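Working notes, beginning with the structure itself.
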């Protein structure tokens, strides 16, 4: 039994080492390949030149990605948290919970390219919104809604049963308990879930292709206009081939760095209860 315990620990440490090593290798490889283009001007300037990626920088793509991500989070987070709260605190019908979980799981399994097709057909064409941040943000919002809901429901489910029973015993309504006890207690975990959902949206390309992302655009001023986005910009650079690969690696590194920073913030917030 002692040898088996040591073997399991060795296996666990080996798995952690391989995971961390793989992530470090990806970052170092991408940074090494794109180091020649990474500079303040690359981050703060707009793209220029006859061929995309040969001159200028990616600043509009960075701001555009933040617009796309912010729109998606603003649309999906309230609905996801509300759904998680209803399932956890207000729904008394077990069959209804099964149905809701089935719907959420089904949404999570929809390919992102299908969501992009939906946004293009319904929002861009049928409703006449055109290619804009709102159209893309809606597709991204549907994509990340289950991601946030599952984590929010887990956070609510980890609340102390004694706390909830004490609230009921004092005659507090479930609405009061949710607003005054559950939300403040789970605040960090909910913010963490929303940030991670934003990271998920920031790296998605298919929902943007025909709905709002473009090759060249200035910094957006509203959600009713198209914009550049880092994943779309990276896709176009790689599609061009060898002439833009250095810029592609530089763009990939900036995007990974943004996602890594946001993920670290999310994990730091989610790791502590107030």
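Derivation of every value follows stated rules applied to the coordinates shown; laboratory data play no part. Since this is a predicted model, take the numbers as computed values, not measurements. Quick reminder, even Gly has a Cβ in these numbers, built from the backbone with ideal geometry, and neighbours come from all protein chains shown.
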For a footprinting-style exposure proxy, rank 246, 94, 168 by other Cβ within 10 Å, fewest first. 94, 168, 246
Give the Kirkwood hydrodynamic radius (Å, one decimal) of region 134-210, defined as one over the mean of 1/r across all pairs of different Cα atoms. 14.2 Å
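At 0.36 nm per residue, and after removing the present C-alpha to C-alpha distance, how many nm does the segment from residue 22 to residue 46 gain when stretched out fully?
Working: separation 24, 0.36 × 24 = 8.64 nm, distance 3.23 nm.
The span from residue 22 to residue 46 would gain 5.4 nm if fully extended.
Please state, to two decimals, what the Cα-based radius of gyration of region 88-151 comes to when divided by 2.2 N^0.38 Å (N = residues). Write down the numbers at each step before the final one.
Numbers: Rg = 14.5 Å, N = 64, 2.2 N^0.38 = 10.7 Å.
Relative to the 2.2 N^0.38 Å estimate, region 88-151 comes out at 1.35.
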Compute from the Cα atoms of region 166-211 the Rg and the Dmax, the latter being the longest Cα-Cα distance, and quote both in angstrom. 17.6, 54
Using a 10 Å cut-off around each Cβ, can you sort 55, 149, 33 from fewest to most neighbouring Cβ atoms? 55, 33, 149
Mind giving me the nanometre distance, one decimal, between the label points for residue 154 and residue 29, set 7 Å out from Cα along Cα→Cβ? 2.8 nm
For region 77-123, state what percent of all Cα-Cα pairs lands in each successive 10 Å bin, counting from 0 Å until the bin that includes the largest distance. 23, 40, 27, 10
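Assuming 0.36 nm per residue, please report the length gained on full extension of the stretch residue 98 to residue 215 beyond their Cα-Cα distance. All intermediate terms of the calculation are to be shown ahead of the outcome.
Details: separation 117, 0.36 × 117 = 42.12 nm, distance 4.33 nm.
Once the chain is fully extended between residue 98 and residue 215, it gains 37.8 nm.
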Evaluate the relative contact order of region 41-269 (contact order divided by residue number), counting alpha-carbon pairs under 8 angstrom at least 6 apart; express in whole percent. 29 percent
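Test of understanding: what is the full-extension gain from residue 162 to residue 110, defined as 0.36 nm times their sequence separation minus their Cα-Cα distance?
Working: separation 52, 0.36 × 52 = 18.72 nm, distance 3.81 nm.
Extra length available between residue 162 and residue 110 comes to 14.9 nm.
Do me a favour and compute the ellipsoid semi-axes for region 93-222 from its Cα gyration tensor, root of five times each eigenvalue, largest one first, whole Å. Could you put the intermediate results ahead of the total?
Details: eigenvalues 266, 57, 33 Å².
Output for region 93-222: semi-axes of 36, 17, 13 Å.
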To the nearest µm²/s, what D does Stokes-Einstein give for region 40-83 at 25 °C and 0.890 mPa s, using the Kirkwood radius over alpha carbon pairs as Rh? 202 µm²/s
If each part is reduced to its alpha-carbon centroid, region 118-159 and region 13-40 end up apart, in Å, by 31 Å
Give me the Debye-computed log₁₀ of I(q)/I(0) at q = 0.14, 0.29 Å⁻¹ for region 184-250, equal point scatterers on Cα only, no solvent, two decimals. -0.56, -1.20
Within the P(r) computed for region 41-269, what percentage of the Cα pairs occupies the region above 31 Å? 31 percent
Return the Cα extents of region 8-151 along principal axes one, two and three, sorted largest first, each rounded to a whole Å. 59, 58, 23
